[in-house]
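Some notes on the structure that comes next.
The values are calculated or read from the model by the stated rules, or taken from the named source; none is laboratory data. Here the structure is a predicted model, which is why all the values come from computation and not from measurement. Neighbour counts run over all protein chains shown; Cβ positions are idealised from the backbone, glycine included. We work out accessible area using only protein heavy atoms, side chains counted, and drop any ligands, DNA or RNA first. Shrake-Rupley method; radii C 1.70, N 1.55, O 1.52, S 1.80 Å.
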Amino acid sequence: KQWYQRRVRAIFMQIVQKKLRKASYVHSDQRVQSDYWKQFRSQGSSAKETLHNLAKEIGLPPVMLAKMFIELNQFDKNLTSTYVLRNLDVIQDKIFRDQVQFCLDNDDQFGPNIDLIKKSIGEEYELVLKDKLTFMNMPFKDENILREQGYDKTPDLLLTVPVAVGDDIINWIESKASFGDEYTHKQYLREQYWSYWNRFGPGLVIYWFGFVDELAGQTLDKGIIIRDHMPTNITTLL
């Protein structure tokens with residue numbers, strides 16, 4: 001049941017991200033952002049849910065709108081909006097500070113709290129993967145060891161000994177506690193997977209919550225296998 005709920009949420013979040021990408025050109029316009037701020041201030045409400053409700057009306061995650069307003073007003077030029085969201089005491093306006101806090105407490109799509117949840121789930125599935133490899137007697141180095149050895153971009157796990165998944169050889173495994181769609185997969189290819197491939201050779205990506213049919217076999221001929229579980233048809237190459 002928990003896996004199913006996480007899968008549904010992962011798909012939902014990607015729908016939200018897709019919607020935001022389509023509207024980003026509108027929301028990123030500084031004139032539009034200024035209009036949002038004027039609309040917010042014109043309400044003159046001290047109710048803690050005011051900012052949250054405006055975000056819903058506009059169609060933005062509440063924390064994203066709060067972040068926008070923090071950047072727009074530059075509460076402290078030496079502090080990033082991310083820092084401010086994690087340290088609200090730097091906001092001297094108590095009413096606005098309470099409204100931002102309400103957004104943080106009630107936004108289920110965006111913000112530091114959501115990032116922590118995603119990080120926790122990601123670490124949980126990395127442990128699941130490590131346990132599976134240990135059970136299957138497949139030695140590996142994790143990214144912490146690889147970074148100590150001087151590597152900058154590293155997969156989650158580098159296999160000490162290459163293995164064959166069916167007829168395909170892999171040297172590394174990347175764990176993604178997410179649902180794989182074409183947009184995010186292409187982004188990961190550009191930012192991560194091809195770097196791993198260039199340095200370590202072919203590998204395996206696991207999208208634990210599934211992936212769209214269009215990805216099946218898409219990069220197989222280029223040396224990157226995609227699965228939604230740890231394969232069992234493994235042959236160790238000694």
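Any idea which of 63, 16, 8 is among the β-branched types (Val, Ile, Thr), under 22 Å from residue 114 (Cβ atoms) and open to solvent by 70 Å² or more (accessible area, probe 1.4 Å)? Reasoning before the result, please.
Values: 63 fails: open to solvent by 70 Å² or more (accessible area, probe 1.4 Å); 16 fails: open to solvent by 70 Å² or more (accessible area, probe 1.4 Å).
Of the residues listed, the single one that is among the β-branched types (Val, Ile, Thr), under 22 Å from residue 114 (Cβ atoms) and open to solvent by 70 Å² or more (accessible area, probe 1.4 Å) is 8.
Say whether the condition of being closer than 30 Å to residue 18 by Cβ, among the aromatic types (Phe, Trp, Tyr) and crowded, with 16+ Cβ neighbours inside 10 Å is met by at least one residue in segment 137-146. So far as segment 137-146 goes, no, none of its residues is closer than 30 Å to residue 18 by Cβ, among the aromatic types (Phe, Trp, Tyr) and crowded, with 16+ Cβ neighbours inside 10 Å. Against the condition free of Cβ contacts under 8 Å to residues at least 60 places away in the same chain and either on the phi < 0 side of the Ramachandran plot or within 21 Å of the chain's Cα centre (by Cα) (or both), how does residue 200 come out, does it pass? Yes, satisfied.
Residues that are outside any helix (DSSP H, G or I) and at pLDDT below 90 were ranked within segment 40-55; the one that is nearest to residue 106 (Cα to Cα) is 47.
Taking the conditions exactly as written (closer than 28 Å to residue 9 by Cα and open to solvent by 40 Å² or more (accessible area, probe 1.4 Å)), does residue 187 satisfy them or not? Considered against the rule, which asks whether it is closer than 28 Å to residue 9 by Cα and open to solvent by 40 Å² or more (accessible area, probe 1.4 Å), residue 187 comes out as yes.
The numbered conditions (1) under 30 Å from residue 184 (Cβ atoms); (2) under 25 Å from the mean Cα position of the chain (by Cα); (3) at pLDDT 90 or above are all true for residue 88 except (1). The selection criterion, being touching a Lys or Arg at 6+ places or on another chain (Cβ under 6 Å), farther than 22 Å from residue 8 by Cβ and either open to solvent by less than 30 Å² (accessible area, probe 1.4 Å) or not in a helix (DSSP H, G or I) (or both), does not hold for residue 204. Among the residues of segment 166-193, those that are in contact (Cβ under 8 Å) with a residue 40 or more places away in the chain and in contact with a Ser or Thr (Cβ under 8 Å, 6 or more places away or on another chain) comprise 178, 184. On inspection, residue 129 passes the criterion of being in a helix (DSSP H, G or I) and under 30 Å from residue 17 (Cα atoms). Only one entry in 170, 225, 145 is touching a strand residue (DSSP E or B) at 6+ places or on another chain (Cβ under 6 Å), farther than 29 Å from residue 2 by Cα and of a type outside the set (Phe, Trp, Tyr), namely 170. Residue selection: residue 105 fails the criterion of being closer than 30 Å to residue 67 by Cβ, open to solvent by 80 Å² or more (accessible area, probe 1.4 Å) and not in a helix (DSSP H, G or I).
Please tell me if residue 165 is modelled with pLDDT of 95 or more and either within 18 Å of residue 16 (Cβ to Cβ) or surrounded by 16 or more Cβ atoms within 10 Å (Cβ to Cβ) (or both). The answer is no for residue 165. Quick check on residue 111: is it open to solvent by 50 Å² or more (accessible area, probe 1.4 Å), among the small types (Gly, Ala, Ser), out of contact with any Ser or Thr (no Cβ under 8 Å at 6 or more places or on another chain) and over 19 Å from residue 225 (Cβ atoms)? When the stated conditions are applied, residue 111 does not pass them.
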